[in-house]
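K.L.:
Sharing a structure with you now.
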């Protein structure tokens, strides 16, 4: 199905973390909020395979529950922003004119700002919380979808089967969603896969800065932030959440590369 074995590695890693997130109450050996100050900064051993953090909490348990936040935030942001971006991209590319001009200028304005800095500003205004992180990342996340879909629609809308659908009397919405969208959806899936990786990094970055999950919440970014204070004395506190972020982001990029190679005609084997 895919040319590169790395794509299958990515699928396996994503499936592993999804299973861990879903089955966290049964997999995690301890309560991720349980504080054991007597076990503060205990290194990895046979009893606690990833050791303990600055509060004596089991890092392995917090890592498993942290997967829930990263994956759920990624799924929600990409789903909502993808829907908005696809809809606006279809309208912009299909109708053109002042609609296209207006929407693309909004896209250009948003692209002119560094994405993470704008997300930090929005969360700072709204207040630090997971829900506000989702809102901030969604406000920015629809832009690449809209731009991509708009370009694909412009390339597709003048083809014969689209002209035949329009001349048969079908409505514009039906032409867009039943004829154009299915024929460009493969590139949208590829874009969504790469966006998931970006959203996970952004959520972790905001949590690292204290703008995401509330203090004490098992979030990978927050765990990294806690670990930076003791990185010389207890590096395991930072290493394991950092590895988790790296593996998940790499996995989504591997899958995105595999999907791009599979669906992009320019890389298709002849």
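Rule-based calculations on the coordinates, nothing more; no lab input. Everything quoted here is computed from the prediction, not taken from an experiment. Methodologically, a virtual Cβ is constructed for each residue, glycine included, from the backbone with ideal geometry; neighbour enumeration extends over all protein chains shown.
K.L.:
Take residue 148 and decide whether it is crowded, with 21+ Cβ neighbours inside 10 Å and either closer than 19 Å to residue 191 by Cβ or more than 27 Å from the chain's Cα centre (by Cα) (or both).
P.N.:
So residue 148 does not fit the description; no.
K.L.:
So, residue 54, is that one under 30 Å from residue 195 (Cβ atoms) and either surrounded by 13 or more Cβ atoms within 10 Å (Cβ to Cβ) or without any contact (Cβ under 8 Å) to a residue 24 or more places away in the chain (or both) or not?
P.N.:
no
K.L.:
Given (1) touching a helix residue (DSSP H, G or I) at 6+ places or on another chain (Cβ under 7 Å); (2) surrounded by fewer than 19 Cβ atoms within 10 Å (Cβ to Cβ); (3) at positive phi, identify the lone condition not met by residue 111.
P.N.:
(3)
K.L.:
Condition first: surrounded by fewer than 14 Cβ atoms within 10 Å (Cβ to Cβ) and in a loop (DSSP other than H, G, I, E, B). Now tell me which residues in region 1-29 satisfy that.
P.N.:
Of everything in region 1-29, those that are surrounded by fewer than 14 Cβ atoms within 10 Å (Cβ to Cβ) and in a loop (DSSP other than H, G, I, E, B) turn out to be 1, 3, 4, 23, 29.
K.L.:
If I go through region 97-114 residue by residue, how many of them are more than 20 Å from the chain's Cα centre (by Cα) and free of Cβ contacts under 8 Å to residues at least 24 places away in the same chain?
P.N.:
10
K.L.:
With the requirement that a residue be out of contact with any strand residue (DSSP E or B) (no Cβ under 9 Å at 6 or more places or on another chain) and in contact (Cβ under 8 Å) with a residue 60 or more places away in the chain, what does region 237-250 give you?
P.N.:
240, 241, 244, 245, 247, 248, 250
K.L.:
Filter region 114-128 down to the residues that are loosely packed, with under 15 Cβ neighbours inside 10 Å and part of a loop (DSSP other than H, G, I, E, B) and list them by number.
P.N.:
114, 127
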